[in-house]
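Chemist: The structure is given below, and queries will be raised subsequently.
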Amino acid sequence: MEFEASRAKAIDKLNHFVENNLLEYSKLRNFDFGPDNRSNISCLSPYITHGIINELEVINKSLKKFSFVKNEKFIQEVLWRVYWKGWLELRPNIWSDYLEELNNLKSEFINKQNYIDAMEGKTSLQCFNQWVNELKENNYLHNHARMWFASIWIFTLELPWQLGAEFFMKHLYDGDPASNTLGWRWVAGIQTQGKHYLASEWNIQKFTNNRFKNIKLKENATPKISEKSYYIIKQDFNNPQKLEEKNLLIFENNLSFEITDFKENRFKKIYIISNKNKNRSIKLSEKLVKFKSLLIKDQEQRLKDKSIDCEVVDISEVKNIENYYGLYPAVGENLNYLNSNSLKINFLYRKIDQIAWQYCNKGFFNFKNYIPKIISNFN
Ligand SMILES: Cc1cc2nc3c(=O)[nH]c(=O)nc-3n(C[C@H](O)[C@H](O)[C@H](O)COP(=O)(O)OP(=O)(O)OC[C@H]3O[C@@H](n4cnc5c(N)ncnc54)[C@H](O)[C@@H]3O)c2cc1C
């Protein structure tokens, strides 16, 4: 399985999925048939995460093929990530606390054999070892495998969730601070307090199509407990009334300027910001660094093809740029860097986020009710 780093390839993948596999999505999506058979899911997340294609584009394409009712499950999944993002945006200190906890745990666990064995895929669990290899080789895991993996990591191998979440971020092409951190918290039982996700042998057997058997798991473990409570501390995601002609910074989550809400606005120059490992708390694998840099090059080329003045610059150079707006990079490593270097940026928020994030104060079941309303803003 390969993810080619270009918008053209992402669009091909989207079109192919919508034409051939969307119809059966809700019936088949929970099956992990293995890395050579991924047609039951879209595998679009590496592109959506980087803004190579965006959620609205994906939803619109699916609605051109089938009605909302036939498509509801897929649309819900696409908007899960918008929901998770909003949830974290309203409570950004979950991310900063996570990084602090991670830092402390890393020094404690660095030489522990069970941690090393888990990361090297050398545990007594064949399925887990295979997922480790798949994660490193393909930089992607099926959603159900992510749930089993995280559950085994936390409850059978008894390792801290924070270290597992870091391992995912290091390798996943779609690694996203919100979906990943909150996904791991959810499995552990601290996102929805007291409700954890326990992987079981029968479930893995069934949904891997019997690829794995004799899986010895701790199936009665209790949820993890966190003393920390998080309250909503940020709710203001407004854009300026009128945009002046300034420079524009775009980060790795918005790598398709031509499909953003601001594509019709005039900007003096577009700076595509890259962020190296030295400025990240979580160091990315070589393959992931390369994937990101190819996606950045692809965006640069597309802008140049349209004769738009642009330049790729390292995040450490932002301090030398003057008079700019920035497409909002969302809670994560880029925002951390900007904040810790006191770089105050006039951010521009996407319309879908402005609309959807107001419904992220409660659970996803509540959010789900607003999906038709959210989408209706874009018809
Ligand atoms: C522990 C854990 C960690 C995760 N880490 C990430 C991560 O770092 N980045 C990431 O994008 N997703 C993450 N997910 C969510 C989900 O597993 C992936 O988005 C999905 O597997 C991507 O494959 P796909 O594109 O084929 O999804 P499809 O099933 O085809 O869904 C279409 C799109 O909907 C969105 N989506 C689907 N399921 C979810 C979900 N459960 N949560 C949020 N968005 C979803 C994705 O953008 C996806 O591309 C995580 C889930 C778990 C349980």
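Chemist: Restricting everything to alpha-carbon atoms, can you work out Rg to Rh for the stretch 81-191 with a Kirkwood hydrodynamic radius?
Modeler: 0.95
Chemist: Relative contact order for the stretch 261-379: what percent, with Cα pairs under 8 Å and sequence separation of 6 or more?
Modeler: Computed over the stretch 261-379, the figure is 25 percent.
Chemist: Let me ask something else about it. Could you work out the helix-only [θ] at 222 nm for the chain, with each DSSP H run of four or more residues adding -39,500 (n - 2.57) and the total divided by the number of residues, to the nearest 500 deg cm²/dmol?
Modeler: It lands at -14000 deg cm²/dmol.
Chemist: Going highest first, how would you order 276-287, 304-315, 172-183 by mean Cβ packing within 10 Å?
Modeler: Descending mean neighbour count gives 172-183, 276-287, 304-315.
Chemist: Over the chain, what is the mean sequence separation of C-alpha contacts under 8 Å (at least six apart), divided by residue count, expressed as relative contact order in percent?
Modeler: Taking the mean separation of contacting Cα pairs over the length of the chain, I get 19 percent.
Chemist: HN-Hα J couplings of the stretch 10-19 from phi, Karplus 6.51/-1.76/1.60, θ = phi - 60°, integer Hz, Gly and Pro as x?
Modeler: 5, 5, 4, 5, 4, 4, 4, 5, 5, 5
Chemist: Still on this structure: Where a ≥ b ≥ c are the square roots of the eigenvalues of the C-alpha gyration tensor, would you call the stretch 193-255 rounded, which needs a/c under 1.5, or, failing that, prolate if a/b is larger than b/c, or oblate?
Modeler: In terms of gyration-tensor shape, oblate.
Chemist: Structure shown: which of 213/283; 64/263; 136/234; 64/306 lie over 31 Å apart, alpha-carbon to alpha-carbon?
Modeler: With Cα atoms farther than 31 Å apart: 213/283; 136/234.
Chemist: Within a Cβ distance under 15 Å of residue 181, other residues only, what is the Lys/Arg minus Asp/Glu net charge?
Modeler: Overall, the nearby charge balance is +1.
Chemist: Students often get this wrong, so check it: of 85/106; 9/373; 246/304, which have C-alpha atoms separated by over 21 Å?
Modeler: Pairs exceeding 21 Å: 85/106; 9/373.
Chemist: Roughly how many Å is it from the Cα centre of the stretch 341-379 to that of the stretch 14-67, as a whole number?
Modeler: 22
Chemist: Could you compute the net charge surrounding residue 78? Neighbours are other residues with a C-beta less than 15 Å from the C-beta of residue 78; K and R count +1, D and E count -1.
Modeler: Residues near residue 78 contribute +4 overall.
Chemist: With +1 on each Lys and Arg Cβ and -1 on each Asp and Glu Cβ, how big is the dipole of the chain about its Cα centre, in debye rounded to the nearest 20?
Modeler: Rounded to the nearest 20 debye, it is 560 debye.
Chemist: Taking a ≥ b ≥ c as the square roots of the Cα gyration tensor eigenvalues, with a/c under 1.5 meaning rounded and otherwise prolate when a/b beats b/c, else oblate, which class fits the stretch 204-353?
Modeler: Prolate, because a/c is 1.5 or more and a/b exceeds b/c.
Chemist: Here's another thing I want to ask about it. Which of the aspartates and glutamates could a cross-linker bridge to residue 228, judged by Cα under 14 Å and excluding same-chain residues fewer than eight apart?
Modeler: By straight Cα distance, residue 228 reaches 97, 100, 101.
Chemist: Can you work out the accessible area per residue across the chain, with the rest of the protein chains kept in place, probe 1.4 Å, in square angstrom?
Modeler: 47
Chemist: Can you classify the stretch 74-119 as rounded, prolate or oblate using the Cα gyration tensor, where a ≥ b ≥ c are the square roots of its eigenvalues, rounded means a/c under 1.5, and otherwise it's prolate if a/b beats b/c and oblate if not?
Modeler: Oblate shape, in that a/c is at least 1.5 and b/c is the bigger or equal ratio.
Chemist: May I ask you to give the percent of accessible area on the chain that is carbon plus sulfur, with a probe radius of 1.4 Å?
Modeler: Answer for the chain: carbon and sulfur cover 47 percent of the accessible area.
Chemist: Turning to a different aspect of this structure: What translational diffusion coefficient, to the nearest whole µm²/s, does the chain have by Stokes-Einstein, given a Kirkwood radius computed over alpha-carbon pairs, a temperature of 10 °C and 1.306 mPa s viscosity?
Modeler: Approximately 73 µm²/s, per Stokes-Einstein.
Chemist: Round to the nearest 10 and report in Å² the accessible area of residue 57, as given by a 1.4 Å probe over the protein chains' heavy atoms.
Modeler: Near enough 50 Å² of accessible area.
The values are calculated or read from the model by the stated rules, or taken from the named source; none is laboratory data. Here the structure is a predicted model, which means the values were calculated and not measured. Positions of Cβ are generated from backbone atoms using ideal geometry, with glycine treated the same way; all protein chains shown enter the neighbour counts. Heads up: the accessible areas ignore ligands, DNA and RNA and are worked out on the full protein's heavy atoms, side chains in. Shrake-Rupley method; radii C 1.70, N 1.55, O 1.52, S 1.80 Å.
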